[in-house]
Every structure is written in structure tokens, then in C-alpha cells.
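Below is one structure, written out as C-alpha cells; the observations come after it.
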Amino acid sequence: MKFKPIYVYLIILVLAVSGLIIFTNTGTSPASSVISGESSGNQMPSDSIHKNLQTTGSPAPSKDNVSESFKRELSSLQNAVEESPNDTLKLREYADLLAAAHKQNEAIPYYERIIKKYPRRADIMFSMSVIYFNKGDFTNSELITRKILQYDKNNLQAQYNLGAIAASQGDSEKAKLMWNKIINENPPSELAGLVRESLNKLK
């Protein structure tokens, strides 16, 4: 299934793992994928991390084949964060790049520093939730997603993600209830199309 640009492929960060991003696990169906909150497609990102990687016949991006230029960029951002620890823009950039470099565990504390300063940053919470989801930590992924809904109960992407988390845990009935609610209570949209496709995958 091809997702529309309205959804992001793993953290703006282009993590092969960021506001309306759709993050999918390799081999999973749309019924068990979550969306973050930015935008992109379902293809390998053409950023400084992945641009030098072959798209055919080569292994998936990993910590072993990240480009040297990206490593320099990561080091530069690390220095910037150390020099200006309260600069949330740099914190975000650094966390995104850590996640892109398959260092998700190291990225989380930097996202948490931003959330501590700005608790309502849904974009940051989406990024964290996606990382946990891709790690198979559905408990934390759900907790963070519900935190988004505490601040914005009508956030359809977060509502969809709760269904995706439920589906990934094998609770198809719970996922169906959540996704049907999105369709029944909201006007037609691109997200509604995704929801219908996800529901079909559960049948």
C-alpha cells in the first residue's frame, strides 16, 4: 500500500525507523503501522543519511553504512546541543538524526528534554511514540499517544495510532472500534481512506 505525502516516513528525521508521518515496520501490514505527524512518502529518504546507499540489491540502512558526511553532521549537532542545551530546535534536530542513525535509545532523552520544556509538543510525542512502536514497546507507544489526546482529543492521527497499536498487539476488535469511530464521526479525508484500507486488512 502506498501512503500519500500527508504522512511521514519515520520521523521527519528520515529515520528508517517523524506531524503526520506513517511509520511502518518491515513486513507489517497497514493495519499494524502508525502515523507520526509530518509528511513524506513510503520510499527510502533521499537525505544525507541514505542518499549514498544503493536502492536495489543492497542491505537496509544500518549503523554500519551511514555516510561519513552524516557522521560529521551528527557530531556538529552534538556540539551545538552541548553549547546551547536549551535550544529546542537543535535538540530536535539532534534527536531526529540520532534516530535516523539507528540510535533510537539515545534519541529519546533529547525528545524528553523538549517535552519537559513544552509538554504539549505533539510532534515530539509522535516521534517518541513511533520509536517505541518500532521497538515493539507498545505500552510506552500507547501511553505517549494517549498523552497527545489529553491535549487534543480530536487528533485523528493519534486516534488512528491507538488502533494500530491495538492491531499490532492482536486486538483486532479494539482496532476496529477505534477506526470505525474515525470514519463515522469525521468527514471523508485521506486519513479515512487509510483507515478503510487498514480495516480491510483486519478482515
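The values are calculated or read from the model by the stated rules, or taken from the named source; none is laboratory data. The model shown is predicted, which means the values in this text are computed figures rather than measured ones. So basically every Cβ, Gly included, is an ideal-geometry build from the backbone, and we count neighbours across all protein chains shown.
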Would it be correct to say that LYS116 is under 30 Å from LEU77 (Cα atoms), of a type outside the set (A, V, I, L, M) and under 16 Å from the mean Cα position of the chain (by Cα)?
no
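Residues checked against (1) over 30 Å from ALA167 (Cα atoms); (2) small (Gly, Ala, Ser); (3) surrounded by 19 or more Cβ atoms within 10 Å (Cβ to Cβ); (4) out of contact with any Pro (no Cβ under 9 Å at 6 or more places or on another chain):
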residue: ARG72; (1), (2), (3), (4): yes, no, no, yes
residue: PRO85; (1), (2), (3), (4): yes, no, no, yes
residue: LEU98; (1), (2), (3), (4): no, no, yes, yes
residue: ALA107; (1), (2), (3), (4): no, yes, yes, yes
residue: ILE114; (1), (2), (3), (4): no, no, yes, yes
residue: LYS117; (1), (2), (3), (4): yes, no, no, yes
residue: SER127; (1), (2), (3), (4): no, yes, yes, yes
Considering (1) of a type outside the set (A, V, I, L, M); (2) on the phi < 0 side of the Ramachandran plot; (3) at pLDDT below 95, say which one PHE126 fails and leave the rest.
(3)
ALA158 fails exactly one of (1) farther than 19 Å from SER33 by Cα; (2) in a helix (DSSP H, G or I); (3) not charged (D, E, K, R), namely (1)
ASN154 - would you say it is surrounded by fewer than 20 Cβ atoms within 10 Å (Cβ to Cβ), at pLDDT below 95 and either closer than 14 Å to MET125 by Cβ or among the polar types (S, T, N, Q) (or both)?
yes
Given the condition crowded, with 17+ Cβ neighbours inside 10 Å and among the small types (Gly, Ala, Ser), answer yes or no: does some residue in the stretch 138-150 qualify?
yes
Only one of these conditions is not met by GLU185: (1) more than 30 Å from GLU73 (Cα to Cα); (2) surrounded by 13 or more Cβ atoms within 10 Å (Cβ to Cβ); (3) more than 15 Å from the chain's Cα centre (by Cα). Which number is it?
(2)
Identify all residues within the stretch 157-176 that are surrounded by 13 or more Cβ atoms within 10 Å (Cβ to Cβ) and more than 21 Å from PHE126 (Cβ to Cβ); write none if there are none.
ASP171, SER172, LYS176
Just the residues that are in contact with a strand residue (DSSP E or B) (Cβ under 7 Å, 6 or more places away or on another chain) and among the charged types (D, E, K, R), please, taken from the stretch 158-202.
GLU190
